[in-house]
Every structure is written in structure tokens, then in C-alpha cells.
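Single-structure report; data block below.
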Amino acid sequence: MKKMGKIEKLCCAHCAALIQEKIAQLDGVQEVSISFITQRIAMQIDESKADAIVMQAERIVKDIEPDCVLKF
Amino acid sequence: MTKENKKVVLRIVISAALFALSLIFGKTAAVSLLLSIAAYVTVGYDVVITAVKKLLRGRALDESFLMCIASIGAMAIGELHEGIFVMLFYKVGELFEHIAVERSRRSITALLEKMPQSVTVMRGGEECILLPEEVVVGDTVVLKPGDKAAVDGRITEGFASMDTSAITGESAPRSFGPGDEIVSGYINLNGSIQLRAEKEFYDSTVYKIMEMVESATMKKSKAEHFITKFAKVYTPIVVALAALLAFLPPAFSGYADFSVWLHRAFVFLVVSCPCALVISVPLSFFGGIGNVSRKGILIKGSNYIELLSRVHTVAFDKTGTLTDGNFTVARVETNDFDRQLLLALAASVESHSAHKLAVPICAAVEHSHMQVEDFVEAAGLGVRARVDGKAVACGCRRWMVESGVEGLCADTNETSVYVAVDGVYAGRIILEDTPRENAKAVLTDLRKNGAERICVLTGDHASNAQRLKTLLPIDALEAGLLPGDKVNCIEDYLPAGVTCFVGDGINDAPVLGRADVGFAMGAMGSDVAIEAADVVLLNDDLAGVSEAVRISKKTVRIVKQNIIFAISVKLLVLVLGACGVAGMWEAVFADVGVSVIAILNAMRLLWSR
């Protein structure tokens, strides 16, 4: 299923790329795209693992950019 | 500028002042040192804090940390002013990036921000003021002069002249009346109208456009993928080289000139961040998408921009796309009947009909002064009347045959209006639809921009379409096609290069999907078209196709310029730095300067025509 969200206070383009890569490696994530310019994230994920993925994604974001807020 | 950015500007200014002072008082070591440290802390404290935070989480290759090492390291080996200069300019570059990104972000939300805060709706016979989100389908919305439509709807009462520029990019106002569709974002210039809301706020056009432009950057181009991969390897490699540079060469001389090599290693660290590329490339594509969206052209992904820049074949649907759906009289065929008379008789009768074929027939004849009586119209079939005493019937072939008229000419499958006078077949008027006024210009433009094959695919009959070949610069014409055949044609074109298809969307969804880039025309309000197409032309103007190609080429050109420029300058600095020719002043200037230039280059698209 498709899951779209916003990543607020994303100020480092490099970090955006890193976050995208780490989320792409999560189990159940088929595709993920983060646009640094529009501060948006779009994922194609396994519906059954949706909750776990969201939780892990939030942790990844906090790890890389502590000031960032991930909202779905 | 945001508050945060303003604070950074203040810090930079104060720091620069302190820095200048420290240079002036250079003789007094203690004072100079104090001023220098103050300058460094003022401008760089947040970078140091971030660097430490990230280091604790194991992110050692973060640019904050590397910048800190380079600048503090430089100060530690005695190059005090260089260290401060590096941090100062790094912050300037970072500020510039933030402002550029902020400006770009605001450009799309600007469309939504200008939406009305309230909508006047008639409920229970009374006018009430609602929020745009509260309007439901079926509500009667009242638009007074000056009001901006917040939802899509159809006019139920009143006439108005409206400014459609927010959506279509057209500056000339258009007139609308009852039955016409109004799209959110239109501004009512004069006249008071009521409309029936057909969509809610979040489904309405202006919101969807903003959504589409925002989501367009999610579909990444090959260039963006390349940059991501490049950035991943570039930083580690440069840092590794820096480490080698710091420790290997001095080993041969017994670490006597350690500080010299350490200095060169710091130069490497300063150039180790590929920020210029990582930001400017996506920004360029965003600029291209934003640029055309203001002209009513919605490109749904950065990857389509790349494809369009390499366009090879463009296939057009005929009726309604290359042609404007209006017909003209091509010729009049009769056996012995006088041609002029036939036309005049037909025009007299047709002048009472509003059928799309009646209009051109009447237009072909100056007002005939014949007496018309007993006019009768058989909807979709034909018209008949008594003209100057004669019984004249005009209509389609089937109707003629069914009415018992004999001796019709051979059926050539051309759009015709057959005419019978007093029950006897007299002749027929053959009509054809005309190409759009700007069709020739658009096709010529496309060729200029690299399209090598221009084709027309149509379900219409060959003879109708043939004339197009003489009027327009077309390479191939495929007529008599069924929708499935169109897909096959596209598949035949695909191997030669990037293939585009331009259609009106409603029946063309599979073709739009099969083509590399599918354009949907006149797609206002048509959800099917908006879904299926890769590029949506909101203002029903064929020129959108050539414009999309032109801007795409410009975008890709700018991206290539930035990539080549940034990488070459960085390589140059690395080489010169290793040789000791380039110092930290040059390195940071090159790094920040390259960033600024690349970003400005990228922003060109957002600002220019």
C-alpha cells in the first residue's frame, strides 16, 4: 500500500538521502522516496507491516536528524 | 526570510566584524586570539554542537564534524585566521542554501495560500459564510465580483468574466455563463454568479494541482539517483584520502613537516561535502516543474523532464487534439445540380440548426435571402424545410437512405452532409475539421527541439486526415485506427527513442500509459485524464507540448552544467590542495562559491520564462 507523509524541519539534503536509504532497507518497504525540497515522503509498503515500519522510520529519522519530525 | 535565518545573518555579521577586528589588531597576540575565538564561537557554535551530537550517534562523516575538524585543526596548527574564515564562509553557504530552499518551497504553497479564507454559500435560502473545507457537493456557492472560486463547480445562474491565470497561465479574461464549468482558482472579475459545487475543497483543482506539483519531485530522475550514489562514495573517499595525505607523506620525512601535510588534509576535508550537487540537482528539476506549472502545464515527475529532453517521436491524436473540433466546408459535389445553389439551399435550411455541421455550412454562404418555411429537425440525423417553395432535406447518409432518396453517390467515408431537393438526390457537401491555429508553429517548434518523428494517429478515415499532411509538417499518418491499434503504433515507435503521445485523455488512457510520456489536453476537471497522463495540459493549448519539451531541455542542460562545474572545481581544488598550491581560503571559497553558483543556476528556472 502507499503511505505518504511529511518530514518537517529537514534542512540537510544529505541527511534526507541517508534517511531514504535506511528506510529502504527496512523489512516490508518496497519503495521509498523522500523529496528534500517539498519535505515529503512516499513509501510503497507491505500493509501488514505498516505499524512496525512507521515506528522504525520515526526512529531512523530521529537518529539522523534529531530536530526532524516525521508525520504520516 | 525566516526568524532563524535572520538570527544566522546577525551572527555572521557580528563574527565577520570580530574577525576583521582580530586582523586589525593582529600585532597584539592575546587580543587577536581573543577576538578570533569570539568570532569563531559566534558563527560556529551550533555547528560544533551538531557535530558532537552526531558523532555520539556514530555519524563521523557528517559535514558538521568534518568542518569542525578542518577549522579547529587549522587553528590548532597556527593558521588561526584560516580556521575562522572556513567556518564563516561555511555558514554563509549554508544560509544561502536554506534561503534558496525556503523560497522554492514557498513558491508552490503560494498557490494555496492565496485561496479565499471563506466561501459564501446559500443554505436554506440564506447566505452563510463557510470555510472552504465545509462546502459539500451540491451546495450553491455565490461568487461576487472579486471573489476567487474555492471549489470546482458549474454555473447555475449569471454571467461573469473571469481571470483564469492562476490555473491556466492565460492572462486574458474569459467569459462564462450558465452551464459552464468553473474551476477553483478562477477569479470573478465582474458579474455575480451562482454555481453548484461539484467537488469538495480537497478534491478541487487548485488543491490537486498543488498536490501534483509537490509530489512530482518524488519521481526522481536518473540524474538525482546518480548524485545520491556519488555523494555516498565521494565523502568517504575524500576523507580517506585526507587521512592518507595527513599521515603518509610526512612519514617519509620523519614527520618533520607534519603540519604542512596536515594542513593539506584539512583542505581536503573542506571540499569533502558534495552539498552543491546534492541540493542544486533536485532544485533544478523542481524549478522546471514549477516553471511550467505556472503556464498551466503539470509535469508529474522529474523523470519525465529527463525523458522529454530526449524526445524522439511525438504522436498526436487527431480530432480535438491537433484539430480544434470545428469543421469547414472542403468541397461540394453534385452530378448536374448547380453547386452554388446547392450550398445556398442547404445553408438556408441549416441556419435554423445548431448542429456542429450546420455552422460551417452557413459560414460558407453569405446570407441568402431565400424564404424558409416548415423547418423540422431530426436530431442527429438531418434537417428539412421548404426553401423558396422547394422541399430541401440535408442530413447524414443513413437518413437519406431511410427516407427513400435514391441515386446517392458512392460512399467515400468522408464527413458529408447529403442534400436532397424535392425528394431527389442533388449532391453533398464534404466537410473537414481544421487544425488548430498554432498547430503548425507547435510542430515546427517540436522539430527544432529535437523531435525527429511527428505522427498522427486517428480513428478517423484516411481521406479526412490526408489533408493534414499537406498543411502540417507530419512524418506519418495512421488512420482508421481502433483504440487498441493506437497502442500498437506506440509500441512500434518505442524502440526508436523517447515516444510521446498527445491525446484528449478520455478514450486514450491505455495509449497514454504505454507511451514514454503521455500528454492529456483540455484536461480540466477530467479525472480520468489527469490520472492516466504523465503531463497534464490545463489550458487546452497545444503549445503546452512544445513548451514542456523546451523547458525540459533547459532543465537538463542546467543540471548537466551544475554537475560538470561542481565536480571539476572540486577535483581541481583537491589536486591543487594536495600539491600545496591551494590553501583553505581557496578551498572554502570554491566549495561555497560552487554551491552558490549551482543553486543560483538552478533557481534560474523558477524565475525565468
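The values are calculated or read from the model by the stated rules, or taken from the named source; none is laboratory data. None of the values given here were measured: they were computed from a predicted structure. For neighbour counting, all protein chains shown are included, and Cβ atoms are generated from backbone atoms with ideal geometry for every residue, glycine included. Areas reflect the complete protein model, heavy atoms only, side chains present, ligands, DNA and RNA absent. Shrake-Rupley method; radii C 1.70, N 1.55, O 1.52, S 1.80 Å.
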Inset, instruction - Distance check, please: which entries in A:Lys71/B:Lys54; B:Lys7/B:Lys300; B:Lys220/B:Lys560 exceed 25 angstrom between their Cα atoms? - result: B:Lys7/B:Lys300
Legend entry - Eligible lysines near B:Lys440 by straight Cα distance, threshold 18 Å, same-chain separation 8 or greater: B:Lys318, B:Lys448, B:Lys469
Legend entry - Helix-only mean residue ellipticity at 222 nm for chain B, each DSSP H run of n ≥ 4 adding -39500 (n - 2.57), per residue, nearest 500: -17000 deg cm²/dmol
Inset, instruction - Return the Cα extents of chain B along principal axes one, two and three, sorted largest first, each rounded to a whole Å. - result: 117, 62, 38
Inset, instruction - Quantify how strongly other chains surround peptide B:213-219 by giving the mean number of their Cβ atoms within 10 Å of each of its Cβ atoms. - result: 5
Legend entry - Euclidean distance of C-alpha centroids, region B:271-339 and region B:174-215, integer Å: 23
Legend entry - Karplus 3J(HN,Hα) series, Hz, for region B:476-482 with 6.51 cos²θ - 1.76 cosθ + 1.60 (x for Gly, Pro): 9, 9, 10, 10, x, 8, 8
Legend entry - Check: chain B dipole with +1 on Lys, Arg Cβ and -1 on Asp, Glu Cβ, in debye: 3180
Inset, instruction - Enumerate the amide H contacts of B:Leu189 below 5 Å, restricted to partners 5 or more residues apart or on another chain; note that Pro and chain-start residues carry no placed amide H. - result: B:Gly146, B:Ser161, B:Met162, B:Asp163
Inset, instruction - Report the accessible surface area buried between chains B and A, summing both sides, using a 1.4 Å probe on protein heavy atoms only, in Å² rounded to the nearest 100. - result: 2100
Legend entry - Residues whose placed amide H lies under 5 Å from that of B:Lys199, excluding near-sequence neighbours: B:Asp152
Legend entry - Cα-based Rg and Dmax for the protein assembly as shown, where Dmax is the largest Cα-Cα distance (Å): 33.4, 120
Legend entry - Acute angle (nearest 10 degrees) that the helix B:584-607 long axis makes with the longest principal axis of chain B, alpha-carbon atoms: 10
Inset, instruction - Please determine, in degrees from 0 to 90 and to the nearest 10, the orientation of helix A:13-24 with respect to the longest principal axis defined by the Cα atoms of chain A, where the helix direction is its Cα long axis. - result: 10
Inset, instruction - Please give the peptides B:474-485, B:263-274 ranked by average Cβ packing (other Cβ atoms within 10 Å per residue), highest first, as a rough proxy for protection. - result: B:263-274, B:474-485
Inset, instruction - Any chance you could check the Cα centroid distance between region B:381-460 and region B:41-98 for me, in angstrom? - result: 75
Inset, instruction - Partner chain Cβ atoms within 10 Å, averaged over the residues of A:14-22 - can you pull that number for me? - result: 4
Legend entry - Eligible aspartates and glutamates near B:Lys222 by straight Cα distance, threshold 14 Å, same-chain separation 8 or greater: B:Glu306
Inset, instruction - Identify, among B:Ser71, B:Asn488, B:Leu10, the residue whose Cα sits farthest towards the positive end of the charge dipole of the protein assembly as shown, taking +1 on the Cβ of Lys and Arg and -1 on the Cβ of Asp and Glu, with the dipole about the Cα centre. - result: B:Ser71
Inset, instruction - With a probe of 1.4 Å, find how much accessible area the protein assembly as shown has per residue, and write the answer as a whole number in Å². - result: 44
Inset, instruction - Determine the residues within region A:24-55 where the difference in accessible area between the chain on its own and the full set of protein chains amounts to at least 20 Å²; count protein heavy atoms only and use a 1.4 Å probe. - result: A:Ser33, A:Ser35, A:Phe36, A:Ile37, A:Thr38, A:Gln39, A:Arg40
Inset, instruction - Kindly provide the trypsin sites (Lys or Arg not before Pro) of region B:1-83 that DSSP labels as loop, not H, G, I, E or B, and whose Cβ sees at most 13 other Cβ atoms within 10 Å. - result: B:Lys27, B:Arg57
Legend entry - ³J(HN,Hα) computed for each position of region B:560-573 - Karplus, 6.51 cos²θ - 1.76 cosθ + 1.60, integer Hz, glycine/proline x: 4, 4, 4, 5, 5, 4, 4, 5, 5, 4, 4, 4, 4, 4
Legend entry - Distant alpha-carbon pairs in region B:415-472 (separation over 17 angstrom), percent: 55
Legend entry - For chain A: relative contact order, % (alpha-carbon pairs under 8 angstrom, 6 or more apart): 44
Inset, instruction - If a/c stays under 1.5 just call it rounded; otherwise compare a/b with b/c (prolate if a/b is bigger, oblate if not). Do that for region B:337-423, with a ≥ b ≥ c from the square roots of the Cα gyration tensor eigenvalues. - result: rounded
Inset, instruction - Tell me which residues come under 5 Å, amide H to amide H, from B:Asp324 once H is placed; ignore anything under 5 positions away on its chain. - result: B:Thr434, B:Arg436
Inset, instruction - Quantify, in whole percent, the carbon and sulfur part of the accessible surface of chain B (1.4 Å probe; protein heavy atoms only). - result: 59
Legend entry - Reach of B:Lys6 by Cα under 22 Å, taken over lysines that are not fewer than 8 positions away in the same chain: A:Lys9, B:Lys91
Legend entry - Cα Rg, Dmax (largest Cα-Cα span) when computed across region B:1-85, Å: 13.9, 42
Inset, instruction - Please work out how much accessible surface B:Leu95 shows to a 1.4 Å probe, ignoring ligands, DNA and RNA, in Å² rounded to 10. - result: 20
Legend entry - Other protein chain Cβ atoms within 10 Å, averaged over every residue that makes up A:6-13: 4
Inset, instruction - Report the far tail of the P(r) of region B:477-609, meaning the percent of Cα-Cα pairs longer than 19 Å. - result: 65
Legend entry - Helix B:462-471 vs. chain B, principal-axis angle (Cα, 0 to 90°, nearest 10): 60
Inset, instruction - For region B:459-510, just say rounded, prolate or oblate: build the C-alpha gyration tensor, square-root its eigenvalues into a ≥ b ≥ c, call rounded for a/c under 1.5, and beyond that prolate if a/b exceeds b/c, oblate if not. - result: oblate
Inset, instruction - Would you mind calculating the relative contact order of chain B from Cα pairs under 8 angstrom and at least 6 residues apart, reporting the percent as a whole number? - result: 14
Inset, instruction - Please report how far the C-alpha centroid of region A:20-72 lies from that of region B:481-545, rounded to the nearest whole angstrom. - result: 33
Inset, instruction - Report, as a whole number in µm² per second, the diffusion coefficient that Stokes-Einstein gives for chain A at 37 °C and 0.692 mPa s using the Kirkwood radius over alpha carbon pairs. - result: 279
Inset, instruction - Quick one: pull the percentage of alpha-carbon pairs in region B:157-273 with a separation above 24 Å. - result: 60
Inset, instruction - With a 1.4 Å probe and every protein chain left in place, tell me how much accessible area B:Met370 has, in Å² to the nearest 10. - result: 50
Legend entry - Relative pair counts by distance (%), Cα atoms of region B:243-366, 5 Å bins: 2, 8, 9, 8, 7, 6, 5, 6, 7, 7, 7, 5, 3, 3, 2, 2, 3, 3, 3, 3, 2, 1, 0
